[in-house]
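Working notes, structure below.
The values are calculated or read from the model by the stated rules, or taken from the named source; none is laboratory data. Predicted, not measured: the structure shown is a model, and the values here were computed from it. Here the Cβ is made from the backbone with ideal geometry for all residues, glycine too, and neighbour counts use every protein chain on show. Only protein heavy atoms, including side chains, enter the accessible area calculation; ligands, DNA and RNA are left aside. Shrake-Rupley method; radii C 1.70, N 1.55, O 1.52, S 1.80 Å.
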Amino acid sequence: MSNTWKVYFLALVTFLVGTSEYVISGILDKLSDSMGISVTSAGQLVTIFSFVYAIGTPILMALTAKVERQKLLVWALGIFVIGNVLSFVLPGYSLFVASRVVMALGAGMVVVTALDVAAKIAATGKQASAIATVVMGFTASLIIGVPLGRIVAAQFGWKSVFGLLALAGLAAMFVLYAVIPRVQGDQPIPLSKQLAFLKNGNVALGLAITFFWLGGYSIAYTYISPYLLDVAGLKEGMLSGMLLAFGIASLIGSKFGGFSTDRWGVFPTLSGGMLLHVTALLLLSLSVTYTHSWLPIAALLILWSFAAWSSGPTQQYNLVRIEPNYSGIMLSLNQSTMQLSMAAGAGIGGVMVDRVSLSSVTWVGMVGVAIAIVMVAFLKMRMSAGRQGAGALSGN
């Protein structure tokens, strides 16, 4: 019981880290205006952060595997704080890009280490709940951090968001140092061993589902603020509320995805959620073209977020189920794939905004999710064939 509040504090730390990643989508137009850059250039800040997070995190975690966890967590959060301070004080786009790189390197290590510490300090039999709590902190950044960032940016300027994150991170460093118990690191798992799992067809297909599902989502979500303001015609005063409703729907969707997986299974939940995801993006694309009312747009945003995030916990479980003896590696590979897909999505979205139009991002996002649905069908067939083959062998 005594460590329960410490796990919640770790969740709060991952909330700060998640906010630093996601908040760009909520203030994209303000970044664009104040720096005198295109919306596309501002959107590439998501690409850069996610790419550095995806590539840097497994390398840094492999290099620091034996380092005592509490010390590593404090140092990683320190790197994250430095990135936010640089974002707050340095002028210009190029220097802001550099600060985002520093921030992403710290952020990835903070999240992975916080999950590790939470599992190790939790009571026996409560490890999974502790991990879920820390993950929920990261998810809450989408629900609370993005709209809150929008409000702060509207009142005090977008740089103030990173100033506040730096101050909060600095305070958290002192608390972590004072209250988190010393936890030993693990024997490092070589990157070559982790990457060897990609040769497994089921693992590769499982990760491909994550890539296309979240990539399709990211193509549209990265540009959500300018899309709602310029394409849907929403007023500035409504945007924070819309982003909050979007975030709450993502939490409900995530909870429903877990419930549905337990009740109806992985493949019905993934297929159903992704079909609803495509439908919501299709109707949203048509709605902003043919209606000027905010109500159907709000309803479709909520449906989109609910459908998109219903796939999240299902995909985590799906990958663990493929290789149950290597769940840690599967979750790590999935985390990296998620960040790579967000980087790719933001990049593709930027190309579409530049070459076609801002309104095209929802249409292209649909294509990504549709490809993920095809991948789900392929994986289902492969796993069914594998089970039948195993059954035939055992029968002999």
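Over the Cα atoms of the range 189-388, each weighted equally, I'd like the Debye log10 I(q)/I(0) at q = 0.14, 0.15, 0.18, 0.19 Å⁻¹, rounded to two decimals.
Taking Cα atoms of the range 189-388 as identical point scatterers yields -0.79, -0.89, -1.19, -1.29.
Quick check for me: using +1 on Lys/Arg Cβ and -1 on Asp/Glu Cβ, what's the dipole size of the range 1-188 about its Cα centre, in debye to the nearest 20? Please report the intermediate quantities before stating the final value.
Values: 11 positive and 6 negative charges, 73 e Å.
Its charge dipole is roughly 360 debye.
With the cut-off at 1.5 for a/c, could you classify the range 1-188 from its C-alpha gyration tensor as rounded, prolate or oblate?
Details: a/c = 2.17, a/b = 1.75, b/c = 1.24.
Since a/c reaches 1.5 and a/b is larger than b/c, the shape of the range 1-188 is classed as prolate.
Just to check I understand the Karplus step: with θ = phi - 60° and J = 6.51 cos²θ - 1.76 cosθ + 1.60, what whole-Hz values come out for the range 49-60, glycine and proline as x?
Each residue of the range 49-60 in turn: 4, 5, 5, 5, 4, 5, 7, x, 4, x, 5, 5 Hz.
Please work out whether the range 34-89 counts as rounded, prolate or oblate from its C-alpha gyration tensor, where a ≥ b ≥ c are the square roots of the eigenvalues and a/c under 1.5 means rounded, while otherwise a/b larger than b/c means prolate and anything else oblate?
Values: a/c = 5.58, a/b = 1.87, b/c = 2.98.
Judged from the Cα gyration tensor, the range 34-89 comes out oblate (a/c at least 1.5, b/c at or above a/b).
Leaving out ligands, DNA and RNA, and with a 1.4 Å probe, what % of the accessible surface on the range 295-348 is carbon or sulfur? List each step's numbers first, then the result.
Details: 1240 of 1790 Å².
About 69 percent, which is the carbon plus sulfur part of the accessible surface.
Excluding ligands, DNA and RNA, what is the solvent-accessible area per residue of the chain at a probe of 1.4 Å, expressed in Å²? Could you put the intermediate results ahead of the total?
Working: 16670 Å² over 396 residues.
Normalised by residue count, the accessible surface of the chain is 42 Å².
Taking the Cα centre of the chain as origin, work out the dipole magnitude from +1 charges on Lys and Arg Cβ and -1 charges on Asp and Glu Cβ, in debye rounded to 20.
Values: 21 positive and 11 negative charges, 167 e Å.
Dipole size: approximately 800 debye.
What's the carbon and sulfur percent of the range 1-188's accessible surface, probe 1.4 angstrom, rounded to a whole number? Before the final figure, lay out the partial values.
On the way: 5540 of 7610 Å².
Carbon with sulfur: 73 percent of the solvent-accessible area.
Once you keep just the Cα pairs under 8 angstrom separated by 6 or more residues, what percentage relative contact order results for the range 18-99?
Details: 32 pairs, mean separation 19.3, N = 82.
That works out to 24 percent.
Output the relative contact order of the chain, whole-number percent, from Cα pairs under 8 angstrom with separation of 6+ residues. Each step should come with its number before you reach the end.
Values: 621 pairs, mean separation 99.9, N = 396.
It rounds to 25 percent for the chain.
Could you state, as a whole-number percent, how many of the C-alpha pairs of the range 287-396 are farther apart than 23 Å?
Numbers: 2927 of 5995 pairs.
Tail fraction, whole percent: 49.
Sort out for me the Cα centre separation of the range 299-369 from the range 203-264, rounded to whole Å.
Cα centroid of the range 299-369 versus Cα centroid of the range 203-264: 9 Å apart.
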